[in-house]
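Notes follow once the structure below has been shown.
Derivation of every value follows stated rules applied to the coordinates shown; laboratory data play no part. Just so it is clear, the model here is predicted, and its values are computed rather than measured. As a convention, Cβ positions derive from the backbone with ideal geometry for all residues, glycine included, and neighbour counts pool all protein chains shown.
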């Protein structure tokens, strides 16, 4: 059992170009990419338009938001929905696989609340 | 409430040199650094010597293992324990704060098991 788990943990470190879902290794590094976590956090609230994401994530550049959304699409975590109305409205929406990252995001938020050096300051605001 | 949460999510993106525990943003990017997740995964099994970690994590370089362990020490996630016996034995051990990352690591492993493209192959091994 432990050996099987270690295979799961390690596999991506032994091959290049594997999908993130192939292993713990690929997944944790994918969601830990610069800005990725915050993008996922916002999309967990529901579908959002590009400019809404840009406005909500202070400090992210146009280039990086575009790049991250494309990477998420490639990994099957996000789909682009286009409405038929005029003007055309494009929204980014998490796929079921993307939505299942909620538990990971929640575990990190919980860890920060419990262990964060400054969480008391935030709580008292 | 949502506003407070957004403060927690964003804070590290607005300052430099903050500790990882200051925000979700800093934390997810810290644990997503190259090899960091696998090191935490192995240390969750119990204290380990440097060469044991090196032997268990296929592909990691000496330099990166040293650097990651130092970063974890700086963030209060790991302590170096030195035995008084001869020869001196040095082990790396997760602090309580480090051990509390278990829930995050478990949530990611669970996500990979459910969503991993190749998990069926691994299960059948």
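For A:36, B:72, what's the fewest-to-most ordering of other Cβ within 10 Å of each Cβ?
On the way: A:36 20, B:72 23.
Listed from fewest to most nearby Cβ atoms, that is A:36, B:72.
Please rank A:50, A:92, fewest neighbouring Cβ atoms within 10 Å first, as an exposure proxy. Could you put the intermediate results ahead of the total?
Working: A:50 15, A:92 22.
Exposure proxy ranking, most exposed first: A:50, A:92.
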Ranked list, fewest to most other Cβ atoms within 10 Å of each Cβ, for B:68, B:34:
B:34, B:68
